[in-house]
Amino acid sequence: MLSSDEVRNNQLLIGGIPATELADEYGTPLQVYDVAKIRHQIRAFERVFVEQHVDYAVSYASKAFACVAMYQIVNQEHAHIDVVSAGELATALAADFPMERVSFHGNNKSYEELQMAVHHHVGTIILDNFYEIGLLAQVLEAADAEVNVMLRVSPAVSAHTHEFIQTGQQDSKFGFDLLTGQADQALQQVLAEPRMHLQGVHSHIGSQIFATDGFKIETQKLVHLMQHWRDEYDYIPQVVNVGGGFGIQYTDADHPIRPEEFVEQIITTLKTETAAADLPLPAVWIEPGRSIAGPAGVSLYRVGSQKTIPEVRKYVAVDGGMGDNIRPALYGAAYEAVAADNVAPTETEVVTVAGKYCESGDILVKDAKLPPVQAGDVIAVLATGAYGYSMASNYNRNPRPAVVFVENGSAQVVVKRETLADLTRLDVKLSD
Ligand SMILES: *Cc1c(COP(=O)(O)O)cnc(C)c1O
């Protein structure tokens with residue numbers, strides 16, 4: 001999984017700096033991002049649209065990993081962002097992210113969140129349900145404002161991935177249902193709202209998807225919907241937003257698909273289907289989250305205790321775990337781990353890398369192939385950049401790790417390590 005420029009003298013390098021140096025300098029557990037990889041992924045998606053002369057937006061689904069510096073990088077790349085809460089929006093504002101390139105998502109946006117989005121002139125609000133159409137109408141009336149919107153539909157496509165992270169099947173909490181005519185009803189309501197400018201249609205079929213045919217079926221369904229809306233309601237979407245979900249390689253068992261392949265599949269299908277239906281080619285928006293942040297991230301931990309149960313298993317415990325990466329406990333997610341100062345060991349053993357949290361399920365990597373390690377050694381878990389830190393918690397009252405960005409051989413803290421004082425900052429002592 002590591003490329004040749006990530007290994008020197010059998011040591012793991014991140015953005016040109018030895019991982020052990022980063023651990024010494026910034027402490028562990030530590031979340032490190034190789035910024036060049038983030039930029040590379042965004043550009044790989046964009047290149048296909050440019051080459052194929054398709055109007056597009058690459059909107060980073062920032063729930064995968066958000067902080068001020070991350071939004072700054074995405075802005076430097078002129079990409080868009082998706083936000084799903086007032087907190088992500090506030091973080092984007094703190095990063096001076098241009099609000100016209102923000103899409104606001106979510107199945108239960110509050111009145112206050114919609115008000116904040118309208119006040120800051122967010123580019124697009126992705127409408128998810130009937131309640132929200134009414135709520136947004138009130139907000140716009142009160143603010144005497146207008147806003148661009150898209151309708152999220154639930155296209156009943158089930159992409160081949162883990163069932164907990166599927167969102168496109170008909171039984172979904174997200175979006176207007178296609179099969180029961182809810183999407184048509186929503187269209188009529190929004191077209192009747194003079195303060196809402198409908199840009200187009202959105203759908204998102206799941207996450208960590210490897211088969212490109214999920215996107216083909218989704219795109220076909222969306223073009224059929226365009227055709228239906230043109231014929232029945234005289235409305236043609238200018239934007240077709242196909243969401244995110246592009247799969248990445250976590251271990252050797254995952255067969256990576258280049259970002260380009262997903263986009264090529266979507267564009268080819270869209271061109272064929274719209275031509276057949278005599279529809280204009282819409283702009284295509286995509287929303288990659290995991291595929292932008294995931295491969296760029298590495299988690300560094302130090303080894304502490306070890307426990308060998310003869311004939312059963314050897315546990316190697318590290319100083320982090322489910323508090324900084326809950327995915328293995330939550331989804332049974334698999335990762336690859338390496339010893340930072342011995343990435344291609346001659347002697348290996350199969351061990352389970354466990355965290356320090358008080359849950360038996362707090363395992364980071366089951367059956368990792370590692371050299372024999374000792375207390376103090378640095379273990380790196382690879383491709384942890386998405387849905388790790390962003391889902392971090394203070395379970396067991398452990399402080400969340402620091403986040404460091406590395407680029408061109410220089411490192412910078414972009415999120416400070418939480419302190420013990422931070423942990424009691426919101427606590428209030430009982431009054432006597
Ligand atoms: C989560 C999400 C994404 C990003 O999914 P990834 O699997 O991280 O690419 C994109 N769009 C929507 C609407 C989402 O909810």
Residue hits (the stretch 386-428; on the phi > 0 side of the Ramachandran plot and surrounded by 11 or more Cβ atoms within 10 Å (Cβ to Cβ)) are Tyr387, Asn396
Flagged in the stretch 14-27 as surrounded by fewer than 22 Cβ atoms within 10 Å (Cβ to Cβ) and either out of contact with any strand residue (DSSP E or B) (no Cβ under 6 Å at 6 or more places or on another chain) or in a loop (DSSP other than H, G, I, E, B) (or both), in numbering order, are Gly16, Glu21, Asp24, Glu25, Gly27
Within the stretch 175-190, the residues that are outside any helix (DSSP H, G or I) and of a type outside the set (Gly, Ala, Ser) are Phe176, Asp177, Leu178, Leu179, Thr180
Can you find even one residue in the stretch 231-241 that is under 21 Å from the mean Cα position of the chain (by Cα) and within 22 Å of His53 (Cβ to Cβ)?
yes
Assess whether Ala61 counts as being within 16 Å of the ligand (Cβ to nearest atom) and within 25 Å of Asp324 (Cβ to Cβ). yes
Within the stretch 1-44, the count of residues that are over 25 Å from Pro399 (Cβ atoms), of a type in the set (D, E, K, R) and modelled with pLDDT of 95 or more comes to 5
Residue pairs within 8 Å by beta carbon, gap of at least six or interchain, first lying in the stretch 222-244 and more than 14 Å from Leu187 (Cα to Cα) and more than 16 Å from the ligand (Cβ to nearest atom), second of a type in the set (Val, Ile, Thr) and outside any loop (DSSP other than H, G, I, E, B), listed first then second, are Val223/Val240; Val223/Thr269; Val223/Thr274
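The values are calculated or read from the model by the stated rules, or taken from the named source; none is laboratory data. Bear in mind the structure is a predicted one, so any value in this text is a computation, not a measurement. Don't worry about glycine lacking a Cβ; one is built from the backbone with ideal geometry, like all the others, and counts go over all protein chains shown.
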